[in-house]
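Engineer: Below you'll find the structure I mean.
Please treat every number below as a calculation from the coordinates, not as lab data. Being a predicted model, the structure only gives us computed values, none of them experimental. Because the Cβ atoms are built from the backbone with ideal geometry, glycine has one as well, and the counts that use them run over all protein chains shown.
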Amino acid sequence: MEQIRVVGYAHPDARLLMDEVQQEYVVRYGDGDATVLDAAEFERPNGIFAVLYDVDGSTPLGTGAWRAQESGEIGLADGDAELKRMYTRTSARGRGLARRMLRYLEDDARRAGRSRMILETGDQQPEALALYASEGYEPIVKFGFYREYDSAICLGKAL
């Protein structure tokens, strides 16, 4: 079975996959994601950055992360965990890996005392929207870098 490992934001496999997802954003939206991220945001107890590997543990297949958020910005509440950098390589899609990563991140955020998982995605990612809907995510007040964009969709789920 594929394995999920917490590796950190700066890990070479994390960087490789983040570069790939940026290219996918360019194809879907015409530009990469300009959200500013700090590696420290993905260090326990305030978050994690994980990579999902193939069965032999050598090939990275996907990423996922969460970072703590608190009230102070429109749409955010104390105890929020923001889902970031969910991505599965094209060759590994359709195997339930993103769902597995999502549940892993939810469980980790819950253990860290977070009460709600929130995320920002876009209208050109129907696969992501279908996954989140099937896992109980519902529309919330827009937040984040892209909150003013019509294409931005913000979702949340109580943990």
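Engineer: Using the count of nearby Cβ atoms within 10 Å as a rough guide to exposure, how do T59, T90, T121 rank from fewest to most?
Structural biologist: T90, T59, T121
Engineer: Among T63, T88, which comes first, second and so on when ranked by fewest other beta-carbon atoms within 10 Å?
Structural biologist: Placing the least packed residue first, the sequence is T88, T63.
Engineer: In Å and from the alpha-carbon atoms only, list the Rg and Dmax of the stretch 5-82.
Structural biologist: Using the Cα atoms of the stretch 5-82, the pair Rg, Dmax is 14.0, 43 Å.
Engineer: A further question follows. Counting every Cα pair in the stretch 3-158, what percent are over 19 Å apart?
Structural biologist: In whole percent, the long-distance tail amounts to 51.
Engineer: Once phi is turned into θ = phi - 60°, what whole-Hz ³J(HN,Hα) does the Karplus curve with 6.51, -1.76 and 1.60 give for every residue of the stretch 74-91, x standing for Gly and Pro?
Structural biologist: Here the 3J(HN,Hα) series is 3, x, 9, 9, 4, x, 6, 10, 9, 6, 9, 6, 6, 7, 10, 4, 3, 5 Hz.
Engineer: Could you work out how far apart the two model spin labels at Q3 and E24 are, taking each label as a point 7 Å from the Cα in the direction of the beta carbon, and quote it in nm?
Structural biologist: Label at Q3, label at E24, 2.4 nm between them.
Engineer: For the chain, what's the relative contact order in percent, using C-alpha pairs closer than 8 Å and at least 6 residues apart?
Structural biologist: 19
Engineer: Express in nm, to one decimal, how much length is gained between Q124 and A92 on full extension, taking 0.36 nm for each residue of separation and deducting their alpha carbon distance.
Structural biologist: 9.6 nm
Engineer: Please report D33, D150, D80 as a ranked list, fewest other C-beta atoms within 10 angstrom at the top and most at the bottom.
Structural biologist: Starting with the residue having the fewest Cβ neighbours, the order is D150, D33, D80.
Engineer: Another question, then. How high is the FRET efficiency from R111 to E70, r the C-beta distance, R0 22 Å, rounded to 0.05?
Structural biologist: 0.75
Engineer: In whole angstrom, how far apart do the alpha carbon centroids of the stretch 35-81 and the stretch 135-159 sit?
Structural biologist: Centre-to-centre (Cα) distance: 16 Å.
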